Amino acid sequence: MVELQIIENQEMLSRDLLRAVDLKSYAWPYPKESQIQWIQDNLRPEDMHVFLTEGGEDRAYMTLSPVTGVLNGRQTPFLGVGCVCSKEKGRGYGQMLMREVNNYLIQNTFRGMLFCRQRVVDFYRKNGWQTVPSDRIKSSVIEEGVFLMVFNCPDVDSLVYYDRSF
């Protein structure tokens, strides 16, 4: 049975931090110490670690970070999706994680936002996310070659984003 476990950063135990780093290491092969340091330096207490487990074993991981943008002229809260990774490629765990998180966003009436490179745009599109055309975005946070995608957010005429990277 697949389950979603969400832990606020301020509630993370050392063993949970190591779980996150172990899963992140499949996508980002940096030393564990540097990954722990990145989490400590970049995640805020209210940010969330999301684990997808199956049969009690960790399969996939991501973070959710509360951020704010201006959507169609109105200040709007989003949950920023970051660090999406799966223990095993091609087994569907990334897709399961996205499906479960999408359900979480819908059930809690959150809008989702993520930044990604071209090579993974199709993955997110297949999972219900939409790319915001660059001519509708105003931001100093988005790097060249990075796409902004949203979920549970129909009719994006304009999106201004100056909050943090996540």
Charge sum, other residues only, whose C-beta stays under 13 Å from G92's C-beta, Lys/Arg counted +1 and Asp/Glu -1: +3
Correct choice for Rg and Dmax of the Cα atoms in Å that was computed from the model, options (i) 16.2, 53; (ii) 28.6, 87; (iii) 15.5, 45: (iii)
Residue-by-residue Karplus 3J(HN,Hα) for the stretch 114-120, coefficients 6.51, -1.76, 1.60, Hz, glycine and proline x: 8, 10, 8, 8, 3, 5, 10
Förster-model FRET efficiency, 35 Å R0, D22 and N108, C-beta, rounded to 0.05: 0.80
Lysine pair number, Cα distance threshold 22 Å (strictly under), the stretch 2-161, separation 8 or more or different chains: 7
Inter-part distance where the stretch 97-138 and the stretch 1-33 are each reduced to a Cα centre, Å: 21 Å
Trypsin sites (Lys or Arg not before Pro) within the stretch 81-166, DSSP loop, no more than 11 other Cβ atoms inside 10 Å: K89
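Bear in mind these aren't lab numbers, they're just calculated from the coordinates by the rules spelled out. This one's a predicted model, so the numbers in the text were calculated from it and none came from an experiment. Every residue, glycine among them, receives a Cβ derived from its backbone with ideal geometry; neighbour counts consider all protein chains shown.
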